[in-house]
Amino acid sequence: MVHLSLDELYKEVILDHYRAPRNKGQLDPHDIALERNNPLCGDEIELFLKFDGDELTGIAFDGKGCSISQASASMMTEKVKGLSAKDAAGLAESIKSMMAGESEGDQATLGDLVSLKGVVKYPVRIKCALLGWNTLVEALEESGKS
Ligand code: ZN
């Protein structure tokens with residue numbers, strides 16, 4: 001196995017998701033649609049959630065902006081699909097605490113998402129990386145299921 005430094009991993013994973021975003025586009029039907037932006041960078045995300053009971057069975061995002069904002073949203077959709085609303089909200093909190101530098105980020109729980117930690121040393125990009133996650137937290141709150 002080739003060992004990649006965090007910086008290399010960060011670039012590789014983010015570029016991969018930016019070039020080939022997962023779950024990109026509109027989701028119909030959906031239960032919640034929420035649009036948010038990051039005026040500092042011009043990033044835009046529209047998030048669509050579909051639930052079956054408490055389970056997040058469908059998630060998609062549309063948007064435009066920098067590679068970090070779009071890649072982070074893509075990674076998020078891949079990771080939270082199929083989770084309960086509570087677990088998805090818990091994961092978002094772990095990411096936010098990692099990006100705030102309050103926790104290291106547990107690779108076993110977060111997997112590839114740990115690569116977002118590479119952004120922490122570029123403070124202006126943290127808002128880019130968190131745009132999708134903050135939108136998710138708000139959308140979950142709106143659903144009343146988290
Ligand atoms: Zn951005």
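The values are calculated or read from the model by the stated rules, or taken from the named source; none is laboratory data. If you're wondering where the values come from, they're calculated on a predicted model, not measured in any experiment. So basically every Cβ, Gly included, is an ideal-geometry build from the backbone, and we count neighbours across all protein chains shown. Accessible surface is based on the protein model in full, side chains and every heavy atom, while ligands, DNA and RNA are left aside. Shrake-Rupley method; radii C 1.70, N 1.55, O 1.52, S 1.80 Å.
General observations
One line per residue, one yes/no per condition, for (1) in contact with a strand residue (DSSP E or B) (Cβ under 8 Å, 6 or more places away or on another chain); (2) touching a residue at least 60 places away in the same chain (Cβ under 8 Å):
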site	(1), (2)
LYS11	no, yes
LEU15	no, no
GLY25	yes, no
PRO29	yes, no
ILE32	yes, yes
ASN37	yes, yes
LYS50	yes, no
LYS64	yes, no
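- Some residue of segment 75-85 being at pLDDT 95 or above and within 16 Å of the ligand (Cβ to nearest atom): yes
- Considering (1) open to solvent by less than 60 Å² (accessible area, probe 1.4 Å); (2) of a type in the set (Asp, Glu); (3) over 24 Å from LYS11 (Cβ atoms), the lone condition that ASP43 does not fulfil carries the number (3).
- Conditions (1) more than 16 Å from the ligand (Cβ to nearest atom); (2) touching a Phe, Trp or Tyr at 6+ places or on another chain (Cβ under 6 Å); number of the one not met by GLU93: (2)
- The single condition among (1) open to solvent by 20 Å² or more (accessible area, probe 1.4 Å); (2) more than 16 Å from the ligand (Cβ to nearest atom); (3) within 15 Å of ILE14 (Cα to Cα) that LYS50 does not meet is (3).
- Residue match in segment 57-65 (condition: open to solvent by 70 Å² or more (accessible area, probe 1.4 Å) and of a type in the set (Asp, Glu)): no
- Filtered residues of segment 14-47 (kept if away from the ligand (no atom under 15 Å from the Cβ), closer than 18 Å to LEU136 by Cβ and of a type outside the set (Asp, Glu)): ARG22, ASN23, LYS24, GLY25, GLN26, LEU27, HIS30, ILE32, ALA33, LEU34, LEU47
- Residue count for segment 98-146, restricted to those that are aromatic (Phe, Trp, Tyr) and over 24 Å from LEU34 (Cβ atoms): 1.
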